[in-house]
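So the structure is just underneath, and the comments pick up after that.
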Amino acid sequence: MDQTEFRRLGHILVDWIADYRERLETLPVMSQAEPGQVRARFPPAPPERGGGLAAAISALDELLLPGVTHWNHPSFFAYFPSNTSYASILGDLACAGLGAQGMSWQTSPAATELEEVVTDWIRQLVGLPPEFQGVVQDTASTSTLTAFLLARERATGFSQEALGLSGVPPLTAYASEEAHSSVMKAGLLAGLGKEGVRLLPTDSAQALRVEALEAAVQRDQASGRRPCIVVATVGTTTSTAIDPVAAAAEVAARHRLWLHVDAALAGTAMALPECRPLWAGVERADSVVLNPHKWMGIGFDFSAFYVRDPRHLVRVMSTDPVYLRTAQDGVVRNLRDWGIPLGRRFRALKGWFHLLDEGAEGLRARLRRDLDNARWLAAEVDRAPEWERLAPVPFQTVCVRHVPLGERDEGRLGEHNLAIARRLNARGRAYLTTGLLRGKPVIRVSIGALGTGRRQVEAVWDALREEAERDR
């Protein structure tokens with residue numbers, strides 16, 4: 001392919017993306033493909049001759065769209081909002097076009113310094129204090145693992161620089177039973193073992209019970225273990241519950257624990273001043289993660305990880321082989337020392353493009369729209385006979401279930417609500433996921449796609465009630 005063909009096909013592809021976005025609402029939200037259906041449409045061996053890209057672009061609708069679940073669809077209410085704005089798409093295109101490698105300042109100064117700018121803009125947007133410095137990771141899972149490694153090394157006096165965990169008392173970590181699965185995974189990968197991760201009980205609002213945290217820490221200390229980290233979640237996966245960050249910070253300070261705040265989804269809401277009291281105490285954290293590739297609109301993958309002490313981060317994460325040393329070391333930031341991977345894409349480009357395009361004012365207006373829609377739906381559920389809301393709605397997720405009159409068997413209720421969600425998804429009108437709260441299956445309505453307005457929220461509420469009636 002030469003430049004002329006690149007220009008021609010590039011224009012065709014951009015037009016295809018724009019056309020796809022314009023007709024999103026006409027497509028079934030969740031892919032209806034059967035296992036193996038997409039793969040069967042492709043030849044088993046790679047092509048011997050090149051030049052087939054134009055035909056592939058023309059075949060995108062036929063070959064791939066049947067196997068795509070449309071995360072930017074206005075009726076996508078599953079998992080979490082995973083938005084990719086038009087501006088972010090263009091930023092990814094620029095990133096690929098430049099092909100910059102950002103492992104050190106010298107390998108692409110712009111990649112490093114624009115990332116410093118964009119992460120600081122986001123810090124300001126969500127109200128974190130200036131002492132926090134940020135870096136872009138791929139996901140919150142990686143950010144949380146990094147936090148565990150930082151906590152481990154602080155608690156063990158940098159054991160990785162000697163014999164590792166050999167001879168170190170067993171380490172323990174603490175989080176609520178509603179914490180994301182990445183917390184347990186981080187504990188496993190950081191060497192704490194499954195027995196070293198304490199998932200603690202929650203209160204009626206699904207938030208971490210601080211007295212349970214204090215008691216668990218004291219028990220572990222008394223048994224010879226070494227507590228090292230507590231994870232406070234702001235916006236849990238199932239219900240967006242909020243752990244008491246300030247109270248957790250008190251426990252962490254008293255016992256010299258690392259405090260990591262996981263605000264992967266809900267951190268974006270802190271762009272609204274009225275939401276910031278919900279994570280009061282975050283200024284005392286050692287590390288914080290939020291995912292602008294969720295509700296903020298910056299395309300996946302873009303996780304913003306902030307630390308209070310970057311020198312500790314660099315000491316734990318740095319690598320310094322001769323072939324990576326440059327004359328600027330010591331006066332610049334080498335992002336290879338700010339996380340696990342050596343190689344780094346120029347992710348800051350899509351963050352810069354998106355924030356320039358939407359602006360803080362536009363972001364705040366969109367977030368308030370989504371919060372208003374979630375509160376509207378919560379009020380409708382509360383008024384509706386035979387419907388229950390099973391959790392508070394601090395952000396944009398509403399957890400509901402249908403309880404037919406006189407039905408009290410939890411097993412039948414669970415199957416009934418799972419069937420409602422399955423049928424609604426299969427019809428393609430919307431996409432919802434389910435979860436468990438205190439052992440009860442719930443239907444989660446997670447509001448926040450870029451194109452989701454009141455009309456789509458009203459429609460999914462109508463669809464839920466229609467599907468519930470089918471079991472009569």
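The values are calculated or read from the model by the stated rules, or taken from the named source; none is laboratory data. These numbers were taken from a predicted model, which means no experiment stands behind them. Neighbour counts run over all protein chains shown; Cβ positions are idealised from the backbone, glycine included.
Look through the stretch 443-458, keep the residues that are among the polar types (S, T, N, Q) and within 19 Å of Glu22 (Cα to Cα), and return whichever of them is surrounded by the most Cβ atoms within 10 Å (Cβ to Cβ). Ranking the candidates gives Thr452 first.
The number of residues in the stretch 143-187 that are assigned to a helix (DSSP H, G or I) and exposed (fewer than 15 other Cβ atoms within 10 Å of the Cβ) comes to 3.
Residues that are in a loop (DSSP other than H, G, I, E, B) and modelled with pLDDT of 95 or more were ranked within the stretch 418-439; the one that is nearest to Thr237 (Cα to Cα) is Leu432. Looking across the stretch 378-417 at every residue that is of a type in the set (A, V, I, L, M, F, W, C) and part of a strand (DSSP E or B), the one that is surrounded by the most Cβ atoms within 10 Å (Cβ to Cβ) is identified as Val398. The helices (runs of 4 or more DSSP H) located wholly in the stretch 1-100 that include 2 or more residues which are under 28 Å from the mean Cα position of the chain (by Cα) occupy 3-22, 86-98.
Any residue at all in the stretch 243-257 that's within 25 Å of Asp301 (Cα to Cα), in contact (Cβ under 8 Å) with a residue 24 or more places away in the chain and touching a strand residue (DSSP E or B) at 6+ places or on another chain (Cβ under 8 Å)?
no
Can you tell me which residue in the stretch 224-242 is nearest to the chain's Cα centre (by Cα), limited to those that are more than 22 Å from His255 (Cα to Cα) and not β-branched (Val, Ile, Thr)? Filtering first and then ranking leaves Gly235.
For Arg455, the conditions (1) within 23 Å of the chain's Cα centre (by Cα); (2) outside any loop (DSSP other than H, G, I, E, B) are fulfilled apart from (1).
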